[in-house]
1. Using 0.36 nm per residue of separation minus the Cα-Cα distance, give me the extension gain between residue 9 and residue 85 in nm, one decimal.
2. Can you tell me the relative contact order of the chain? Whole percent, Cα pairs under 8 Å, sequence separation 6 or more.
3. Considering the options 7, 84, 29, tell which one lies farthest towards the positive end of the dipole of the stretch 4-123, charges being +1 on Lys and Arg and -1 on Asp and Glu at the Cβ, about the Cα centre.
4. At a Förster radius of 25 Å, what calculated FRET efficiency corresponds to the Cβ-Cβ distance of residue 110 and residue 25, to the nearest 0.05?
5. State to the nearest 20 debye the size of the charge dipole of the stretch 4-123 about its Cα centre, where the only charges are +1 on K and R beta carbons and -1 on D and E beta carbons.
6. So how tilted is helix 70-86 from the main axis of the chain? Cα-based, degrees 0 to 90, rounded to 10.
7. With a sphere of radius 14 Å drawn around the Cβ of residue 99, what net charge do the other residues whose Cβ falls strictly inside it have (Lys, Arg +1; Asp, Glu -1)?
8. Averaged across orientations, what area in nm² does the convex hull of the alpha carbons in the chain project?
Amino acid sequence: MTNSAGLGRWGERQARLHLEARGYIIAATNYRCRAGEVDIVAIQGDETVFVEVKTRRGTPFGPAEESISPTRAQRLADVAQEFLQSRTPAGYHSTTPWRIDLICVNLDRRGRLQSVNHIRHAVEF
């Protein structure tokens, strides 16, 4: 993991493993649409979960838990709405419960996994 793209992919894999170990079903990864992109779309029971993954090595830029700006939060909500609308038959309003979570994958300075923190309802609307 010498570059940030590789680090991000590795962190997303750790997040998927974390979710799957807890019974989530992965519906999509790196879902892109007109509104933007979300790292993971998962299903937990009857709820659709949109997951932003942040991977950090050390803390020079602050904790990953503090990394979702209001602009990013709104973009994630827009992506979630577009995802749900794209899967709802025309003329019907989606009543699927959904939420936006954050998974923070933290490594030490040597690149060893320290923790995977799953914050449910990280973005509230």
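Values in this text are rule-based calculations from the coordinates and carry no lab data. Everything numeric in this text was worked out from a predicted model, so none of it was measured. Cβ placement follows ideal geometry from the backbone for every residue including glycine, while neighbour counts extend to all protein chains displayed.
1. 24.6 nm
2. 24
3. My answer, from the dipole projection, is 7.
4. 0.15
5. The calculated dipole for the stretch 4-123 is roughly 480 debye.
6. 40
7. -4
8. Value for the chain: 7.9 nm².
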